[in-house]
Each structure stands twice: as structure tokens, then as C-alpha cells.
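The next block holds one structure in the form of C-alpha cells; read it before the comments.
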Amino acid sequence: MTNRRAFLSYLAASPALTPASRAFAQLVGSGDASLLDDAADAVNVFDFEPIARANLTDAHFTYMAMGVDGGATLDANRKGFEHLQIRPRRLVDVSHIDMGIELFGTRHASPVIIAPCGTHKMFHPEGELAVARASATRNCLQILSTVTTTSVEDVNAARGAPVWYQLYPTEDWRITEALLRRAQDSGCPAVAITVDLPNSNREALDRFQRATNTECLACHEPGLEGSVARKPMFDGLDLSGISNTRAPQMNWEFVERVKNFTSMRVLLKGIVTHEDASLALQHGVDGLIVSNHGGRAIDSRRATIDSLPEVVEAIGGRIPVLVDGGFRRGTDVFKALAIGADAICIGRPYLWGLSAFGQEGVERVLDILNRELQIMMQQAGTPTLAAITRNSLVL
């Protein structure tokens, strides 16, 4: 908060700003969101971040907040929205706004989806169960991480409906098979294979030296046993053949093998080019998630909102296209829908809410984003999601 106030004070005094914009910067910076004691008092999703920072250990907050290398791709995900301008239409009846979507035969209240993020109990004692209950009360689709700290069976029970499952394949097909079978048997209708993380350089986390840091050792054991074996989805599995959850050996034959093994719909998470989107169609993939792992996988310095158009063009509406990366406002969601995304996934914002207030924080984050999207749809003269097209943007 000290750094935030210093930045806003600098911004307010900047000679580059007009008197009106300086006054606005001072107004924004006058509040202290860390003093909020009720999730209902938050006015935007950013209000939850300083509370999360205060509630979490340095290592846990860093794990959530960090990007790969120096964080340039993390920053790019936010800046990518800045060059997209919205073209509002007037004199359209927007007294009723329909934000509902349907994915693989299931109806959801809005296009805002809870992205897979690992180890929720790092952020709140109720972890994935709090998120599942929030997704249920808001009729929001939830995607569960392979490295969840709560079993898929318990999450589905808390939600009252099955989640989608995100798959880290690992190096051993036997483990991949076991994870797929368990997700399928629990009722998950879809699996999203993460394909963008054969390796990464997370230097911010490396500085904590988890193998020797006493703060980290209070929760983690060194090596694979400390990071993977203790996760419930790996209960009873022989992990002797793997070193981590990554799978650098993955190729299109692997995707076909997954499709032949499971009855779940198969999506690929991490596709960012038209070439790979076209190949996904050729190999019978059921959907895509345009993603750079929230800036945590590759220092491409390319925002996912900038990757989205070529993927949408290659797919041509034949399968659903979802997108994640940097979404913080309803206007961000609107822009992705205008480009052609069927839905967007949020990560850090709901983790901020979870860290701050548990289930109520996640619910409030969803409410804020959906309200902002509703307002933008009314302003743009688009009463339905189908009415949001590329004509809604200056491209």
C-alpha cells in the first residue's frame, strides 16, 4: 500500500496530467482498501489485492503474483487492452441484458469463468471448496487444477455440479491415464490440457529457496514429495517415474491419445497462434483456451488479447474459444467477446477475493465483473452477447 500511495501521489503531481485527471488520481488514491472489513464494500476487483497481500505470507503472495523472467509478459497482458477502443451504439433497448452462455450443452449465467489455479489452500483454509461454493451461487463455470489441494470429488460435491478438469500430463502416461479416469469418473464433462508449460523460469519464486527457507518448510517438503505427491489427485499413484508435472514430450499424437482414452471433451489450454489452432481442428480438439499461463510460462511479451484474433479467425466458430490473461474489468471481457471469444477465464482476481474474504470474496469479484460487463453492454447497445461483434471495437 505504501508503494501504491507513493505511485498515485507521483501520478497526481505529474505535469503530464490535466488538473481534472490529477484530481481523479488523488481521489482514487485517498482510500485504503486494506481497511475493508466486508467484501461487499469493494468497488472493483483491485480492492481485494492489498488485502490479499496483507493476509498472505511473502512467499505465497509472490507465487500468485509473479510472472516469468522479469514479468514483461505479465505486464503485457494488462497493457494489451489499452489500444482497443469501444464503439458504443445508441437508441437500442438495453432494459434487459442477457449475459448467459452455453458450453457443451450446459448453461452458465455469464461468460466469466473461474480459471484453474493450483493450491487454493495456500490462499484460504477452505481453498477450492470456498471457490466451488461461490461458483455454484453465481452459476459460474469452474475449471479445477491438477494440483488442487482438494479432491475433484469433494469440489464437485461442494459445487453441486461437476467442474471442468485441467490436466498437467506429467512425463508418465500411466499417471495421465489415472488422472483422466478419475476426473471422468467424478463426472467432469471436459478436460483442458495445459500445453504451454514444458518449462519456465520463475526467478521471483526461486529467491525464496524453498528447499531451505524455514517459512516454506513449515508447509512444504523439498523435491517432488513436497510439491506434487501431497496433492490429493496424486493419492495412491506411483510417482517414481516423474520429476515434475510438466510434459516436454507432448505432441499431437499425445492429444489424439487423450481423445481416444476419454469420453470427456478435450480442450487445449495455451494455444496462441493460428497455426496451432488449425492443427487443433485437424486433430479433433473440442475447444481452445488462448493463454500464456497468466504471464507465468513464456517471456513472449505478447498479450493474449493480441493473440486472440488470429486464433478466432483460424477456428471460424467451429469450436469454442476461451481466453485468459490480465482480465480485471468488465470492459476487458467485452473486448474479448467482441474479438470473438466465447468466454473469458479469470485467475488472480478471484484468488485476491479468496485470500481476502473466502467464498464471499470470490462471489464479490464475480459480481463486480458481471456488473461492469452488464453496464458496458448497455452503453454499447448490445443487449445480448451475440450482439457484441468486431463492429463494437475500433480495430
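The values are calculated or read from the model by the stated rules, or taken from the named source; none is laboratory data. Nothing here was measured: the structure is a model prediction, and the numbers come from that model. Reconstructed Cβ throughout: ideal geometry from the backbone, glycine too, with neighbour counts over all protein chains shown.
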**Asked** When only residues in region 140-159 that are in contact with a Lys or Arg (Cβ under 9 Å, 6 or more places away or on another chain) and assigned to a strand (DSSP E or B) count, which is surrounded by the fewest Cβ atoms within 10 Å (Cβ to Cβ)?
**Response** Ile143
**Message:** Condition first: assigned by TED's automatic domain parsing to the domain that holds Val321, within 18 Å of the chain's Cα centre (by Cα) and under 13 Å from Val258 (Cβ atoms). Can you find one or more residues in region 171-188 that meet it?
**Reply:** no
**Request:** Within region 130-172, work out how many residues are within 16 Å of Ala192 (Cα to Cα) and either touching a strand residue (DSSP E or B) at 6+ places or on another chain (Cβ under 7 Å) or not β-branched (Val, Ile, Thr) (or both).
**Result:** 15
**Filter pass, Ser110 being at pLDDT 95 or above, in a loop (DSSP other than H, G, I, E, B) and of a type in the set (Gly, Ala, Ser)** = yes
**Request:** Those residues that are within 14 Å of Ala314 (Cβ to Cβ) and either in contact with a helix residue (DSSP H, G or I) (Cβ under 7 Å, 6 or more places away or on another chain) or surrounded by 15 or more Cβ atoms within 10 Å (Cβ to Cβ) (or both), I need them from region 251-280; list them, please.
**Result:** Leu268, Ile271, Val272, Thr273, His274, Asp276, Ala277, Ser278, Leu279, Ala280
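Yes/no matrix, rows are residues, columns are (1) modelled with pLDDT under 75; (2) of a type in the set (A, V, I, L, M); (3) more than 27 Å from Ile114 (Cβ to Cβ); (4) in contact with a Leu (Cβ under 9 Å, 6 or more places away or on another chain):
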| site | (1), (2), (3), (4) |
| --- | --- |
| Ala204 | yes, yes, no, no |
| Thr212 | yes, no, yes, no |
| Asp235 | no, no, no, no |
| Lys259 | no, no, no, no |
**Prompt:** Out of all the residues in region 154-195, which are farther than 19 Å from Ser243 by Cβ and at pLDDT below 95?
**Reply:** none
**Message:** Return the pair list, or none, for Cβ contacts closer than 9 Å from residues in region 242-258 that are in the same structural domain as Ala297 (by TED's automatic domain parsing) to residues that are surrounded by fewer than 11 Cβ atoms within 10 Å (Cβ to Cβ), at least 6 apart or on different chains.
**Reply:** Arg246/Asn199; Pro248/Asn199; Trp252/Gln282
**Item:** Residue in region 333-344 that is touching a residue at least 60 places away in the same chain (Cβ under 8 Å), farther than 19 Å from Arg159 by Cβ, crowded, with 21+ Cβ neighbours inside 10 Å and aromatic (Phe, Trp, Tyr) present
**Value:** yes
**Request:** Scan (1) surrounded by fewer than 16 Cβ atoms within 10 Å (Cβ to Cβ); (2) of a type outside the set (Lys, Arg); (3) modelled with pLDDT of 90 or more for the single condition Pro248 breaks and write down its number.
**Result:** (3)
